[in-house]
Amino acid sequence: MFFEKRESTKLFKAIRMIVMISFGIIFVISIINGLDFGFLRLAFIFGGFTSLIDGLESYLKKDDKWKYIVDFDLAIIWFITIFIFW
């Protein structure tokens, strides 16, 4: 799942790239600030959005049902971790 080759539209590629770059920047800022939980929560939010985008794309492309269910479940896990660090 993590290393699979994807056939995405330009819109989903652009959105995913923006979210992943933002995730990386926020995560690095969090590490520089001594794992500041405010920035770490933002990083988890961006991780959740990435999984939601992947699930939405899989659903719209009519991929296998389990593929987008796993993506949506990963998004739920990302968002639950936000409340753990609250």
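What follows is calculated from the coordinates using simple rules that are stated; it is not laboratory data. All values derive from a computational prediction rather than experimental measurement. Cβ placement follows ideal geometry from the backbone for every residue including glycine, while neighbour counts extend to all protein chains displayed.
What size of dipole, in debye to the nearest 20, comes out for the chain about its Cα centre when the only charges are +1 on Lys and Arg C-beta atoms and -1 on Asp and Glu C-beta atoms?
Roughly 240 debye, rounded to the nearest 20.
Just Leu56, Leu74, Leu35 to compare: in a GNM of the chain, with alpha carbon springs under 10 Å, which one fluctuates most?
Answer for the Gaussian network model of the chain: Leu35.
Can you give the calculated 222 nm mean residue ellipticity of the chain, where each DSSP H run of n ≥ 4 adds -39,500 (n - 2.57) and the sum is split over every residue, rounded to the nearest 500 deg cm²/dmol?
Calculated mean residue ellipticity at 222 nm is -27000 deg cm²/dmol.
For the range 42-57, in order, what is each residue's ³J(HN,Hα) by Karplus, 6.51 cos²θ - 1.76 cosθ + 1.60 with θ = phi - 60°, in whole Hz (x at glycine and Pro)?
4, 5, 5, 4, 5, x, x, 5, 4, 5, 5, 5, 4, x, 5, 5
Rounded to the nearest 0.05, what FRET efficiency do Ile80 and Lys10 give with R0 = 35 Å and r taken as the Cβ-Cβ distance? Could you check?
FRET efficiency, Ile80 to Lys10: 0.65.
Using the Cβ atoms and a cut-off under 14 Å, what net charge is assigned to the surroundings of Gly48, where Lys and Arg are +1 and Asp and Glu are -1?
-1
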